[in-house]
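Let me begin by presenting the structure, written as C-alpha cells, before commenting on it.
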Amino acid sequence: MTKNEDLVLGIETSCDETAAAIVKDGKEILSDVVSSQVKWHEKFKGVVPEIASRKHVEFINPVIEEALLEAKVGFHDLSGIAVTFGPGLIGALVIGVATAKAMAYVLNIPLVGVNHLEGHIYANFLEHSELSPPFIALVVSGGHTSLIYVEDYQKYKILGQTLDDAAGEAFDKIAGFLDLGYPGGPAIDKIAKDGNPRAINFPRAMMSSGDFNFSLSGLKTAVLNHVSRLRAEGKELSLPDLAASFEAAVVDVQVSKTIRAAEEEGVKTVVLAGGVAANTSLRRKLAKEVEPKGIKLFYPSLGLCTDNAVMIAAAGYFRLKTGERFCFDAVPDPNLSLT
Ligand code: KG4
Ligand code: ZN
C-alpha cells in the first residue's frame with residue numbers, strides 16, 4: 001500500500017466532452033477538467049461522432065496534464081485510473097480507454113472500467129454524504145432516459161427506459177428546430193422560465209402505460225407540428241410558452257413514473273442524474289411532489305450533472321477498492337448495460 005493509494009485519475013470521453021479529474025478517497029475533488037467540444041458540434045445541431053473522436057485525440061493529453069497540475073500531483077502519485085468504457089460513441093470511448101490503458105501499464109497501477117450511467121449516479125454520492133441505497137435513480141441525459149432501482153452499491157435493476165429518443169436528445173432536437181442553439185437543454189430551460197407550462201397541452205406519452213418506459217419521439221413531432229401549423233396560419237409563436245409547455249410534458253411523465261417506482265419498490269429516496277437533471281422545472285416539480293410523500297430527493301450541483309470525469313473517478317475508486325480490474329485486452333462497449 002503506497003501513501004497515495006487513494007488518488008484516482010478519472011477519464012471520460014464517451015460523447016463530446018474530454019474530461020479528466022483527480023479524486024481523493026472517492027469523494028474529495030482535487031481537480032475537475034472538462035474540455036467541451038460544443039463549438040465544433042453546434043453548427044450541426046448535434047454531436048458528430050467523427051469530429052468527437054478527432055477532438056478527443058487532440059485534447060486528451062492536455063486535459064489529463066491540466067487535471068494533474070490543478071490537483072498538484074504528479075503521474076507517480078496516482079494510485080489508480082478509472083475510465084468510462086461504455087455506453088457511448090465507440091470512436092470516442094476508445095480514445096479514453098486506450099489512453100487509460102497506456103498510462104496504467106506504464107505507471108504499473110490498477111485500472112478499472114466504469115459504466116457512464118453509474119458515473120452519473122455517483123455524482124450524487126460525491127455531494128451528498130447522507131445518501132445511501134436503496135433508492136430510485138432517474139438518469140436523464142443526451143443519450144439516456146432510464147429509471148433504475150439502486151438496490152445496493154453497484155447493484156442495479158433497470159425498471160424502464162426510453163423506447164425512442166432520450167430526454168436530452170428531445171431538448172436538443174426541439175432547440176435545433178427553433179434555432180435556439182446547441183446544446184438545447186440549457187436554452188429551453190432558460191426561455192421556459194418566462195412561459196406558461198399550461199399554454200399548450202402537449203401529449204404526456206406513456207403516462208398510463210403501467211410500466212416504467214418512456215417515449216419522446218411523439219412529443220417532438222407534436223411540437224414540430226404545432227410550430228408548423230402556427231407558421232402556416234401566420235399566427236404569432238410564444239417561444240416561452242412553447243418551451244414551458246414542452247418541458248411540462250416531459251417532466252410530468254418523468255416525475256409521475258419516478259414517484260410510482262419509489263412507491264412500488266418501497267423506497268424513500270429518489271435521485272436525479274445526468275445532464276437533464278440540471279433542468280429547473282424537473283428539479284422543482286419532483287421536489288414539490290416527493291415532499292408530501294416523505295420521499296427525499298437528491299440531485300448533483302449543475303457542474304456534476306453534465307458529463308465530467310469526477311463522477312468516473314469516484315465510481316472507479318469504489319470498484320478499485322473491491323479489487324475489480326479492467327483487463328488490458330478488454331475493449332470499450334458502446335451498448336454497455338448497467339446490469
Ligand atoms: O449527461 P450529459 O452531459 O451527456 C450525456 O451523457 O448524454 O447530458 C447532456 C444533455 C444534453 O442533451 C443537454 O441538452 C441536456 O443534457 N441538458 C439539459 C439541461 N442542461 C443540459 N436539459 C434540460 N435542461 C437543462 N438545464
Ligand atoms: Zn452523460
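Below, the figures for the structure above:
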| item | result |
| --- | --- |
| Charge tally in the Cβ shell below 13 Å around LEU302, where Lys, Arg are +1 and Asp, Glu are -1, LEU302 excluded | -2 |
| Cα long-axis angle, helix 280-290 against the chain (0 to 90 degrees, to the nearest 10) | 90 degrees |
| Rounded Å value of the spacing that divides the Cα centres of the range 36-74 and the range 154-211 | 26 Å |
| Relative contact order (%) - criterion: Cα under 8 Å, at least six apart; region: the chain | 25 percent |
| Whole-Hz ³J(HN,Hα) from phi, Karplus 6.51 cos²θ - 1.76 cosθ + 1.60, for the range 120-134, glycine and proline x | 4, 5, 5, 4, 6, 5, 4, 9, 10, 5, 7, 7, 8, x, x |
| Members of LYS72/LYS155; LYS155/LYS296; LYS220/LYS268; LYS235/LYS288; LYS193/LYS288 lying beyond 25 Å, as alpha-carbon distances in this model show | LYS72/LYS155; LYS220/LYS268; LYS235/LYS288 |
| Among LYS296, LYS257, LYS24: highest mean-square fluctuation, GNM of the chain, C-alpha pairs under 10 Å | LYS296 |
| Amide H within-cut-off set for LYS296, under 5 Å, with H built and near neighbours excluded | THR269, VAL270 |
| Accessible area per residue, Å², the chain with all protein chains present, probe 1.4 Å | 44 Å² |
| Carbon and sulfur %, accessible surface of the range 1-58 computed with the full protein complex present, 1.4 Å | 53 percent |
| Percent accessible area from carbon and sulfur atoms, the range 183-339, protein chains only, probe 1.4 Å | 52 percent |
| Relative contact order [Cα under 8 Å, 6+ residues apart], the range 1-61, whole percent | 28 percent |
| Accessible-area order (highest first, 1.4 angstrom probe) of the listed residues HIS41, HIS128 | HIS128, HIS41 |
| Amide H contacts of LEU216 (H built 1.01 Å from N, under 5 Å, at least 5 apart or other chain) | LEU163, ASP164, ASP165 |
| Accessible area in the full protein assembly, largest first, 1.4 Å probe, for TYR317, TYR299, TYR153, TYR122 | TYR153, TYR299, TYR317, TYR122 |
| Estimated vicinal HN-Hα couplings, Hz - the range 190-196 in sequence order (Karplus 6.51, -1.76, 1.60; Gly, Pro = x) | 5, 5, 4, 4, 9, x, 9 |
| The range 183-250, relative contact order in percent, only Cα pairs under 8 angstrom and at least six apart counted | 56 percent |
| Estimated [θ] at 222 nm from DSSP helical runs (n ≥ 4, -39500 (n - 2.57)) normalised by residues in the chain, nearest 500 | -14000 deg cm²/dmol |
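The values are calculated or read from the model by the stated rules, or taken from the named source; none is laboratory data. A quick note: this is a predicted structure, and the numbers were derived from the prediction, not measured. Backbone-built Cβ (ideal geometry, glycine too); neighbour counts: all protein chains shown. The protein model used for the area step is the full one, side chains on, heavy atoms only, and it has no ligands, DNA or RNA in it. Shrake-Rupley method; radii C 1.70, N 1.55, O 1.52, S 1.80 Å.
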